[in-house]
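To start, the structure itself, in structure tokens.
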Amino acid sequence: METATIANHRNVTALLEQYALPSPLGFGQELAPIMYRANYTNGSWQGGHLCPFGEIGINPAATCVQFGQQCFEGMKAYAIEQSRPELFRPEANFARLTRSAHRLCMPPPTASLFAEAISGLTSALENFIPNDSGQSLYLRPTLIGLDPTFAVKSSRTFAFILIASPSDAYYSDPIKIMVERQHSRAAAGGTGSEKVGGNYAGSLQSTSRSIASGFDQPLWLDASTHEYIEELSGMNFMAVVNGELHTPALTGTILPGITRASIIELAGCLGMGVVERSMPIAELLADIDKGNCTELFATGTAAIISPISEIGEADGSTRKLLDVGNMSATIKSALLNIQEGRAKDAFGWMASATDSRKLLDRLEK
Ligand code: COI
């Protein structure tokens, strides 16, 4: 397979020659100066290319603007101990993007387009992947509908865009979460288990309310009863109860996190008990009060593992956790050791980020 073609070669090369990583990085604040774009027209994906990062000129009546016909992924390329950058379970991101695209009536990128975009952009940005532990090149594959229409129907033209951000982890400190008892994130049959922008848009008001009450973000409960824990706004949720790891079972309204699934496997191998189940919020709060639940944490590609120090209510009342980063710290370092190339990758999770042929083989398996 060929490497990614470059539109406006001189500009791309000049942008990379002038580029330098700022410090500190933060999460998603620094946008790489180049990106990848491919268009879907006449029923198929056309050849994509690397190009300067910039505005993408879409029609104001496009379906992505008017109806949120959009989905995305979050992935990371790591270059800490590795000689060349590596990705974590890219086939899982590709599979989820494919599912999200189908749910929103969009054509997913082909495996070869996805492999070319990821390997092309990561290769071009290889010298700008930060290499302190917890840092990475965060990659955001995004699919949008482009046709202008006021009628509620699917677009027939689309763009696949890959942008990148040299980043730190999402949070640098333990977070405080607010139990969201007013709004819901996702209902049965909706798009809660797909990675679509609308899920996040619907969470923003609650995030603002949680911040106004002294928290970092809301903890979502199920839409029909408001009794069972689902997830955080951009992260899955885990608790240590009686020394075991508990997490809400996937119900169809929770995003099936790749970090979540990996932690479940990893924790099992570390000899920790792992329980996926329905988790009533009332029971969890009672377990914290009784000292049975000692630790809470958030998991996700961006977050990695973020300890939760407090859980509270909209009125500002909170409960403090006994442990902030105990069991979660053990799991986090086991996970980062694999992702950052310090430990043997016994699960076969890591994949070359720069070899498009190997990446394609992996996506097609
Ligand atoms: C990720 O963890 O990669 C996400 O996409 C969640 C959030 C930052 C939107």
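The values are calculated or read from the model by the stated rules, or taken from the named source; none is laboratory data. Keep in mind that this is a model prediction, so the values were computed, not measured. Backbone-built Cβ (ideal geometry, glycine too); neighbour counts: all protein chains shown. Note: areas computed on protein heavy atoms with side chains; ligands, DNA, RNA excluded. Shrake-Rupley method; radii C 1.70, N 1.55, O 1.52, S 1.80 Å.
In whole percent, how big is the carbon plus sulfur part of the accessible area of the range 102-165, probe 1.4 Å, protein atoms only? Present the calculation step by step, with values, prior to reporting the outcome.
Values: 1250 of 2360 Å².
That fraction is 53 percent.
As a rough guide to protection, the peptides 53-60, 253-260, 337-344, 97-104 ranked by mean Cβ packing within 10 Å, highest first, stand as 253-260, 97-104, 337-344, 53-60.
Whole number in Å², please: accessible area per residue of the range 240-338, 1.4 Å probe, ligands, DNA and RNA not counted. Provide the component values of the computation, followed by the final result.
On the way: 3620 Å² over 99 residues.
So the range 240-338 comes to 37 Å² accessible per residue, rounded to a whole number.
Taking a probe of 1.4 Å, how large is the accessible area per residue of the range 98-193, in Å²?
Working: 3790 Å² over 96 residues.
Spelled out: the 1.4 Å probe surface of the range 98-193, per residue, equals 39 Å².
For the range 50-62, the Karplus equation 6.51 cos²θ - 1.76 cosθ + 1.60, evaluated at θ = phi - 60°, returns couplings of 7, 8, x, 5, x, 5, 10, x, 10, 5, x, 9, 4 Hz by residue, with Gly and Pro reported as x. The angle separating the long axis of helix 327-339 from the principal Cα axis of greatest extent in the chain is about 20 degrees. Under the rule a/c < 1.5 gives rounded, and otherwise a/b versus b/c splits prolate from oblate, where does the range 271-344 land using the Cα gyration tensor? Taking the square roots of the gyration eigenvalues as a ≥ b ≥ c, the range 271-344 is prolate.
Only Cα pairs under 8 Å and at least 6 apart count here; give the relative contact order of the chain as a rounded whole percent. Walk me through the numbers before you get to the answer.
Values: 787 pairs, mean separation 73.2, N = 365.
For the chain, the relative contact order is 20 percent.
Centroid-to-centroid, using Cα positions, the range 64-96 and the range 234-294 are 24 Å apart. Based on the reciprocal of the average 1/r between different C-alpha atoms, the Kirkwood radius for the range 95-212 equals 17.3 Å.
For the chain, what does -39500 (n - 2.57) per DSSP helix run (n ≥ 4), summed and divided by total residues, give at 222 nm, in deg cm²/dmol to the nearest 500? One gets -8000 deg cm²/dmol as the mean residue ellipticity at 222 nm.
Listed by chain and number, the lysines whose C-alpha is less than 29 Å from the C-alpha of residue 153, apart from same-chain residues fewer than 8 away, are 195.
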